[in-house]
Amino acid sequence: MKNIKWLICIVLIAALLRNWKLGEIPISLHGDEVGVGYNAFTLLSSGLDEYGRRLPVSFRADVTPLIFYSTIPAIAMFGPTDFAVRFPSMLIGIITVTVFYFLIFEISSISYIKQLLSLGNPGKIALTATLLLSIAPWHIQISRIAHDAGYGILLQMISVLIFLRSMRHHKPYLYYLSIISFVLSMYAYHGPRLTSPLLLALLIYFFRKQLPLNFQLKTFAIFILCSTPLVLDFFNKPLSETRIGGINIINRASGENFDLLKIPTKVLFNLIRQFDIQLLFINSQAVRYFNVFRVGLMYFTQLPTLFVTLLLVKKGRFIAPLLLIILISVLPGALTSGPPNAGRILMLFPILEILTVIGITKLIQLFKTNTKVIVIAFLAFIYSLQFGFFLEQYFNDSPKRFTIQWQSGMKDLAFHVLKEEANYSKIIISDEFKQAYIYILFYGRKPIELLLQQPHLTRHSFIGYKDFGKYEFRKINWLEDQQLTKTLIVGTKNDLPAKEVNSQIYNPIGQIVASVISLN
């Protein structure tokens, strides 16, 4: 009961950190978040997505479906607002913190683990790990934006938790439920489509003595049956329109002087890049959707603690499976192109949080009883300093520093244009503004039926629309466009001559986002 009281306190802290100013920080919804909101809005009103497809299995540029459907209740309750778009992720984050406690308690209660690591009271270990997760920079950030990776990591945690309980309590129905949960995680995010089957296979291997052949055959059947809609959706599209076809490292490499023998080297290099110390522990400003200056995705103190874990826990029966699990967790990042993406390796971070707790516990065990209190107080003080600095950087510094990354001002642009919409026969918005169309649709609350009835409606080759109705989203050619009449032109300062500009659009912190010219 005492542990549950402490857990409630930790969950309340987690809820406060994930809910405070949710609709305001990060400073703006980026285009992908707005896309989630608009598709949830159209699903609620008509059952259609932004392309007019009824209840699809994938959305927009082949995005996994769970986040879109789970946002529908929030849109129904709060309307199409910034808060509503981020509200489900906030709830997912709070639930994840709670599930993490029970997962760590379950893991640390396994007799094999208790004997191997000698960590002590499972309840205290679980509470410590949960507290670290509740204040973890990476998890606070993923819980405050509409990002589907948070859904994937929660479902993987639930899957492992149910699996372990089914093994410990010999409950077949729990085992089959865990299989379904593993498959559901594949509907949540692209990463688990690779990591969940591998993680499940690893668990089955570890517990193979408790799983007779008929269990394993049923597992395969359930897995295939539940994942069939995903498979059909994948094969019904050209490879170039799927996420895996667009970002896999082999596909990107083929545009160069393609050499199949170089692929293993590229994968190995990419694998090493996923463990960038700078991004993980020092400065995450370059990590998409996790931009915080001078703060890593995890606290810097965790780095030496992880080394302590490796030094003090030298048992091969622990290290070998651990390295295998870590390898699985970073494979989505290693096999895809582009700079390190925290979402693709999100499974790695809970593992590092667990290893941090192991390191702290083993370190404290080295000291005598009287000294332990001092060590604990010192660690608490160091973590408090880092936590305070993260809060300052995330809530005060980041909204000013990373306005471009968060497309700050696009909401203001959309409202400005929507206010003037009825006064013009044509509205041209520069394609320098990423996904400008979705801001118009979402903040204008445009019904999808009205959009699909438009005689002039052109899809973009990658995502969204090039034009619909009176709107065009393209490059501005002032020499030609200045001849137009009854037209509103919205562009960057480089798109339009300053002397012709009638007004300017500002973001919430007073920076100029766009220039506007009215042609009558």
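Considering only protein heavy atoms and a probe of 1.4 Å, how much of the accessible area of the chain is carbon and sulfur, as a whole percent?
65
So, in nm, how far is label Glu241 from label His456 when the simple model puts each one 7 Å beyond its Cα toward the Cβ?
Computed distance between label sites Glu241 and His456 equals 2.5 nm.
Counting other C-beta atoms within 10 Å, and keeping those with at most 15, which DSSP coil chymotrypsin sites (Phe, Trp or Tyr not before Pro) do you find in segment 383-475? Before the final figure, lay out each step's value.
On the way: sites: Tyr383, Phe387, Phe389, Phe390, Tyr394, Phe395, Phe402, Trp406, Phe415, Tyr424, Phe433, Tyr437, Tyr439, Phe442, Tyr443, Phe462, Tyr465, Phe468, Tyr471, Phe473; in loops: Phe402, Trp406, Tyr424, Phe433, Phe462.
When the chymotrypsin sites (Phe, Trp or Tyr not before Pro) of segment 383-475 are filtered for loop state and at most 15 Cβ neighbours within 10 Å, Phe462 remain.
Compute the helix-to-body angle for 2-19: its Cα long axis versus the longest principal axis of the chain, expressed 0 to 90° and rounded to tens.
On a 0 to 90 degree scale, this one is about 20.
What fraction of the DSSP beta bridges in the chain is antiparallel, stated in percent and rounded to the nearest 5?
So the antiparallel bridges in the chain amount to around 70 percent.
Roughly how many Å² is the accessible area per residue of the chain, as a whole number, for a 1.4 Å probe? Before the final figure, lay out each step's value.
On the way: 24150 Å² over 520 residues.
Roughly 46 Å² per residue, with all protein chains present.
Ranked highest first by the average count of other Cβ atoms within 10 Å around their residues, in what order do 99-106, 3-10 fall?
Answer by packing, highest mean first, reads 99-106, 3-10.
Please compute the length gained on full extension between Val231 and Ile351, using 0.36 nm multiplied by the number of residues separating them and subtracting their Cα-Cα distance. All intermediate terms of the calculation are to be shown ahead of the outcome.
Numbers: separation 120, 0.36 × 120 = 43.20 nm, distance 2.91 nm.
Extra length from Val231 to Ile351 when fully extended: 40.3 nm.
If you stretched the chain out fully between Gln365 and Ser518, how much longer would it get, using 0.36 nm times the residue separation minus the C-alpha to C-alpha distance?
Net length gain for the segment: 47.9 nm.
What distance in nm lies between label points placed 7 Å from Cα along the C-beta direction at Ile113 and Ile319?
Inter-label distance under the simple model: 2.1 nm.
Which order, highest average first, do 287-293, 54-60, 407-413 follow once you tally other Cβ atoms within 10 Å for each residue and take the mean per peptide?
The peptides rank, most packed first, as 407-413, 287-293, 54-60.
Would any residue of segment 263-280 have its amide N under 14 Å from a label point 7 Å out along Cα→Cβ of Ser337? List them or say none.
Correct set: 263, 266-267.
Using only Cα atoms, tell me the angle between helix 213-235 and the longest principal axis of the chain; keep it within 0 to 90° and round to the nearest 10.
10
From the cross-link list Lys2/Lys218; Lys266/Lys475; Lys114/Lys372; Lys21/Lys362; Lys470/Lys499; Lys114/Lys368, which pairs have alpha carbons spaced over 31 Å apart? Please list the in-between numbers first.
Values: Lys2/Lys218 40 Å; Lys266/Lys475 36 Å; Lys114/Lys372 21 Å; Lys21/Lys362 38 Å; Lys470/Lys499 26 Å; Lys114/Lys368 21 Å.
Among Lys2/Lys218; Lys266/Lys475; Lys114/Lys372; Lys21/Lys362; Lys470/Lys499; Lys114/Lys368, the Cα-Cα distance tops 31 Å for Lys2/Lys218; Lys266/Lys475; Lys21/Lys362.
I'd like the distance separating the alpha-carbon centroids of segment 374-430 and segment 194-214, in whole Å.
With segment 374-430 and segment 194-214 each reduced to a Cα centre, they are spaced 42 Å.
Let me know the charge dipole size of the chain about its Cα centre in debye, to the nearest 20, where only the beta-carbon of Lys, Arg (+1) and Asp, Glu (-1) is charged.
1960
Counting only protein chains, not ligands or nucleic acids, how are Lys368, Lys237 ordered by accessible area (probe 1.4 Å), most first?
Lys368, Lys237
To test your reading of the geometry: what angle, between 0 and 90 degrees and rounded to tens, separates the Cα axis of helix 348-365 from the longest principal axis of the chain?
With both axes taken from Cα atoms, the answer is about 40 degrees.
Rounded to the nearest 0.05, what FRET efficiency do Leu55 and Ile277 have when you use their Cβ-Cβ distance and R0 = 51 Å?
0.70
Can you give me the Cα centroid spacing of segment 149-191 and segment 277-355 in angstrom?
Segment 149-191 and segment 277-355 have Cα centres separated by 22 Å.
Where a ≥ b ≥ c are the square roots of the eigenvalues of the C-alpha gyration tensor, would you call segment 96-233 rounded, which needs a/c under 1.5, or, failing that, prolate if a/b is larger than b/c, or oblate?
On the way: a/c = 2.58, a/b = 1.11, b/c = 2.32.
Oblate is the answer for segment 96-233, as a/c is 1.5 or above yet b/c matches or exceeds a/b.
Over the Cα atoms of segment 368-520, each weighted equally, I'd like the Debye log10 I(q)/I(0) at q = 0.14, 0.16, 0.18 Å⁻¹, rounded to two decimals.
The Cα Debye sum returns log10 ratios of -0.74, -0.90, -1.08.
With a Förster radius of 25 Å, plug the Cβ-Cβ distance of Tyr69 and Leu16 into 1/(1 + (r/R0)^6) and report the FRET value to the nearest 0.05.
Details: r = 27 Å, r/R0 = 1.10.
Rounded to the nearest 0.05, the efficiency is 0.35.
Sort the chain into rounded, prolate or oblate with this rule: let a ≥ b ≥ c be the square roots of the eigenvalues of the Cα gyration tensor; rounded if a/c is under 1.5, and if a/c is not under 1.5, prolate when a/b is larger than b/c, oblate otherwise. Numbers along the way, then the final one.
Details: a/c = 2.06, a/b = 1.63, b/c = 1.26.
Taking the square roots of the gyration eigenvalues as a ≥ b ≥ c, the chain is prolate.
Given the -39500 (n - 2.57) contribution per DSSP H run of 4+ residues, what per-residue ellipticity at 222 nm results for the chain, rounded to the nearest 500 deg cm²/dmol?
Value at 222 nm, helices only: -18500 deg cm²/dmol.
The values are calculated or read from the model by the stated rules, or taken from the named source; none is laboratory data. Bear in mind the structure is a predicted one, so any value in this text is a computation, not a measurement. All Cβ positions, even for glycine, are placed from backbone atoms using ideal geometry, and neighbour counts span all protein chains on display. Note: areas computed on protein heavy atoms with side chains; ligands, DNA, RNA excluded. Shrake-Rupley method; radii C 1.70, N 1.55, O 1.52, S 1.80 Å.
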